[in-house]
Amino acid sequence: RFRHDVARTALLAAPLVAGHLSTGLIGFVDSVIAGRHGTDTLAAVAVGTALFWLPMMVPLGTLLSVPPAVSQLDGHGRREEVGPLFRQAMWLAAGLGLLLFCFLTAVVHALEPMGIAPSIVPGATAFLHGIRWGVPALTLYVCMRYLSDGLHFTVPGMVLGFGGLLVLVPLGYVLTWGALGFPELGPGGPGYASAVMLWCQAIAFALYLWRGRRFAGLRLFGRFEPPRWAPIRRLLAVGLPIGVTVAMEGGLFVVTALLIGRLGEVPAAAHQIAINVASLCFMVPMGLAEATTVRVGHALGRGDGDGVRRAARAGLLIVLGTQAASALVLLLGNQWVVGFYTADAAVAATAAGLMLYAAAFQFPDGVQVISAGALRGLGDTRVPMLLAAVSYWGVGMVLGSMLGLGLGGFVEPMGPRGMWMGLIAGLSVAAVLLGLRYRRSTRPRRLDPLLLRPGSVELPGGVSPASG
């Protein structure tokens with residue numbers, strides 16, 4: 001039975017991992033193109049990428065309320081409610097995308113007050129001016145992908161994710177270097193190329209959901225519905241704590257990048273390489289966590305307490321194996337990997353050293369993200385948000401700032417190495433606290449009575465035919 005659960009999770013997660021990997025490869029492609037263009041371009045894209053993904057994590061995390069809501073409706077036999085839920089989720093995604101577009105338009109004026117090196121500011125501004133146009137497309141695309149994932153149709157996200165890279169690679173090169181009659185945009189090239197790619201993905205996914213036979217019975221685009229506060233509020237009640245949690249974790253990395261950006265071009269470029277590689281590794285446990293969320297939510301919807309616990313255990317076993325593989329790659333192949341990004345000897349040496357620290361947090365990172373995924377499937381999001389705040393910021397950022405920048409005067413500044421030690425500490429504390437929270441939430445005395453009482457399961461974001 002346990003081998004069967006592991007196999008089901010692995011089959012569900014494989015396309016999710018590939019889809020998340022394709023998203024992570026956006027940053028990889030941008031970094032490689034920028035690094036070949038010059039160290040100053042790579043440093044500018046590093047800062048711009050950090051300022052792009054930090055606010056984006058809130059809407060993307062908030063929309064993570066869609067997969068458990070859809071999977072619970074599916075498991076409970078209420079598929080007729082998926083269409084109304086989806087239409088309200090799309091309104092939410094559009095609103096979040098427009099808010100983030102406005103934020104990225106204004107944030108470029110804060111680069112200099114943040115203390116970013118003056119040589120980096122113009123390039124980071126150009127990158128953000130380009131990529132902001134793709135923000136609404138990204139939130140809509142993610143909402144559609146989460147719907148498909150929640151129904152166990154995970155292949156479309158993988159196919160469209162890698163299909164987008166076929167647009168990004170040539171277009172990013174043409175716009176960055178200037179070719180085929182286009183001007184040389186430098187750091188702005190990857191930004192505009194990413195925006196075009198994101199709109200191509202969103203339009204393609206909408207056409208797939210509209211024409212696909214698997215979704216015909218759901219009538220996803222069957223009628224126009226104006227935004228309704230009640231279902232949107234339910235999605236926000238579950239999703240906003242997830243968004244804040246994801247933003248706090250990602251913000252730990254992003255703010256670290258911004259603080260390292262104060263140290264100059266070489267540390268900023270080296271950190272961008274190391275964090276990009278670590279982010280690609282993170283796509284594997286992230287996909288496994290999303291699969292665990294879907295399986296736990298489906299078991300919750302059908303009232304199977306033992307199935308909830310088996311789904312979470314299967315995800316944990318797989319993630320321990322994948323994190324061991326990632327740690328080995330970072331330990332043994334760091335010099336080889338860095339060679340893809342840059343030919344600058346100083347940047348390469350610093351980046352290779354930072355990747356050793358990335359290897360150290362692979363296991364705690366995997367445990368904390370799989371625990372959070374299982375808790376999302378249960379609809380338990382508020383307490384994990386508080387635990388994340390303590391771990392990432394109360395421990396990770398405080399310790400990293402003290403060691404890396406010498407804040408407080410307790411130690412001599414260690415530069416990027418000290419900041420990465422803070423990352424390791426924050427993720428380790430999160431792994432312990434979220435793991436304990438999961439064990440508490442899934443004890444038979446707590447979970448089984450909730451599942452087995454008829455009508456006691458409140459589906460997050462659920463919309464009844466009467467109210468929807």
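The values are calculated or read from the model by the stated rules, or taken from the named source; none is laboratory data. Small disclaimer: the values here were computed from a predicted structure and weren't measured. Don't worry about glycine lacking a Cβ; one is built from the backbone with ideal geometry, like all the others, and counts go over all protein chains shown. The protein model used for the area step is the full one, side chains on, heavy atoms only, and it has no ligands, DNA or RNA in it. Shrake-Rupley method; radii C 1.70, N 1.55, O 1.52, S 1.80 Å.
Couple of notes before you dig in:
- Members of segment 257-294 that are over 19 Å from the mean Cα position of the chain (by Cα) and open to solvent by 10 Å² or more (accessible area, probe 1.4 Å): 259, 262, 263, 264, 265, 266, 267
- Segment 402-438, subset among the β-branched types (Val, Ile, Thr) and part of a helix (DSSP H, G or I), residue surrounded by the fewest Cβ atoms within 10 Å (Cβ to Cβ): 432
- Just one of the listed residues (171, 180) is over 23 Å from the mean Cα position of the chain (by Cα), under 27 Å from residue 44 (Cα atoms) and crowded, with 18+ Cβ neighbours inside 10 Å, namely 171.
- Residue among 340, 363 that is part of a helix (DSSP H, G or I) and either under 16 Å from the mean Cα position of the chain (by Cα) or surrounded by fewer than 24 Cβ atoms within 10 Å (Cβ to Cβ) (or both): 363
- Residues of segment 187-202 satisfying the condition of being open to solvent by 20 Å² or more (accessible area, probe 1.4 Å) and in a helix (DSSP H, G or I): 192, 196, 199, 200
- Taken as a whole, the structure leaves residue 389 outside the set of residues that are in contact with a Pro (Cβ under 8 Å, 6 or more places away or on another chain), assigned by the TED database to the domain that holds residue 439, of a type in the set (A, V, I, L, M) and open to solvent by less than 50 Å² (accessible area, probe 1.4 Å).
- Selection of segment 197-224 for residues being of a type in the set (A, V, I, L, M) and touching a helix residue (DSSP H, G or I) at 6+ places or on another chain (Cβ under 6 Å) yields 197, 198, 202, 204, 209, 218, 220.
- Condition met for residue 378 (surrounded by fewer than 18 Cβ atoms within 10 Å (Cβ to Cβ) and either within 19 Å of the chain's Cα centre (by Cα) or of a type outside the set (Val, Ile, Thr) (or both)): no
- Helices (runs of 4 or more DSSP H) lying entirely in segment 1-78 (those with 3 or more residues that are β-branched (Val, Ile, Thr)): 2-37, 39-62
- Tally, over segment 343-360, of residues that are under 22 Å from the mean Cα position of the chain (by Cα) and within 19 Å of residue 35 (Cβ to Cβ): 3
- The lone criterion from (1) touching a residue at least 60 places away in the same chain (Cβ under 8 Å); (2) within 24 Å of residue 341 (Cα to Cα) left unmet by residue 175 is number (1).
- Matching residues, segment 35-47, being at pLDDT below 80 and farther than 10 Å from residue 268 by Cα: 35, 36, 37, 38
- Filter result (of a type in the set (Phe, Trp, Tyr) and either open to solvent by 40 Å² or more (accessible area, probe 1.4 Å) or not assigned by the TED database to the domain that holds residue 67 (or both)) within segment 203-249: 208, 210, 221, 224, 229
- Every residue from segment 319-333 that is free of Cβ contacts under 8 Å to residues at least 40 places away in the same chain and either open to solvent by 50 Å² or more (accessible area, probe 1.4 Å) or part of a helix (DSSP H, G or I) (or both): 321, 324, 325, 327, 328, 331, 332
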